[in-house]
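**Q** First, the structure itself, so that you have it in front of you.
The values are calculated or read from the model by the stated rules, or taken from the named source; none is laboratory data. Since the structure is predicted, the reported quantities are computational estimates derived from the model, not experimental observations. As a convention, Cβ positions derive from the backbone with ideal geometry for all residues, glycine included, and neighbour counts pool all protein chains shown. These area figures cover heavy atoms from the full protein model, side chains too; ligands, DNA and RNA do not enter into them. Shrake-Rupley method; radii C 1.70, N 1.55, O 1.52, S 1.80 Å.
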Amino acid sequence: MRENYWKVTQFGKAPKLNKPVFIEGLPGIGNVGKIAVDFLIDELKAKKLFEITSYTFPHSVFVNEDNLVELPVVEVFYKQLNNKIDVLLLGGDVQPIDEVSSYEFSDKILDLAQKQKVREIITLGGIGLSDIPKKPKVYCTGNSKKIVDAYKSDLVSNNLYGVVGPIVGVSGLLLGLASRRNIDAVSLLAETYGHPMYLGIKGAKEILKVLNKKLNLKIDVNKLDREIKDIENEIMKKSEQLNEVSKQAALKKFQKQFGKEVDYIG
């Protein structure tokens, strides 16, 4: 691994977590996973544990409200929930834009997860449709039948075969690479509109309902509706500044490889 390409900064002493579940939500189709994880970080008042920067992230910087530049970062937060489990939350501005870097990044995340004794990984994302869904469906897939059976319910369908193409990016790789480390991993994917500038807030809300019920997070999912304007402003500004470097580069590469339109990117 190109260790000098990556910088991981730890904030404070690592907590002792109880049966932690690791939840990933990085930018992708409709930014469904990012919206859901950012909402969880805010609602749970999670504390930052790690910050990751990399030479493999898109070659762009953001201009913040103080008119200063910021490098794109990915962050890991934690929350001790006072019930049977605790959570680690992976969010950020970007994800790596090429295959080798995506593998390296995913392995590095799994290294961090194993050090925290993570027992389960959940990745979040969107399924791009040609029209805006009125009530987005949520699907699940995973690296074992056991984990898929644990998440399928009246809110979640496991009939995903044929619905999407390859799951591109970190949301997919974490599932596959976690199986090599004997870590159960599942992906929750919500339908959303496939337009590059559309925000899949409805899909994110459906995923949050699933997580709230499954993990007993005790959050008010309806608050997401009241925060839509702030979410739109923050994400759209950063998406425009990046000019969709990460998403379009990956999509073009896979379209060329598979010779057809790809409808999902992690």
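**Q** Looking only at residues that are within 9 Å of the chain's Cα centre (by Cα) and open to solvent by less than 10 Å² (accessible area, probe 1.4 Å) in region 30-45, which one is nearest to G169 (Cα to Cα)?
**A** G33
**Q** From the residues in region 198-216 that are closer than 16 Å to L124 by Cα and assigned to a loop (DSSP other than H, G, I, E, B), which one is modelled with the highest pLDDT?
**A** Among them, the one singled out is G200.
**Q** Still on this model: Among the numbered criteria (1) surrounded by fewer than 20 Cβ atoms within 10 Å (Cβ to Cβ); (2) within 24 Å of I29 (Cβ to Cβ); (3) touching a residue at least 40 places away in the same chain (Cβ under 8 Å), which one does T53 miss?
**A** That leaves (2) as the condition not met.
**Q** Additional query: Which of the residues belonging to region 133-160 are farther than 18 Å from E206 by Cβ and either in contact with a Pro (Cβ under 8 Å, 6 or more places away or on another chain) or without any contact (Cβ under 8 Å) to a residue 24 or more places away in the chain (or both)?
**A** Answer for region 133-160, where residues must be farther than 18 Å from E206 by Cβ and either in contact with a Pro (Cβ under 8 Å, 6 or more places away or on another chain) or without any contact (Cβ under 8 Å) to a residue 24 or more places away in the chain (or both): K145, D149.
**Q** Go through region 62-79 and give me each residue that's free of Cβ contacts under 8 Å to residues at least 12 places away in the same chain and open to solvent by less than 80 Å² (accessible area, probe 1.4 Å).
**A** N64, E70
**Q** Further question: Can you list the helices (runs of 4 or more DSSP H) lying wholly within region 80-197 that have 2 or more residues being open to solvent by 10 Å² or more (accessible area, probe 1.4 Å) and closer than 26 Å to A46 by Cα?
**A** 99-115, 170-180
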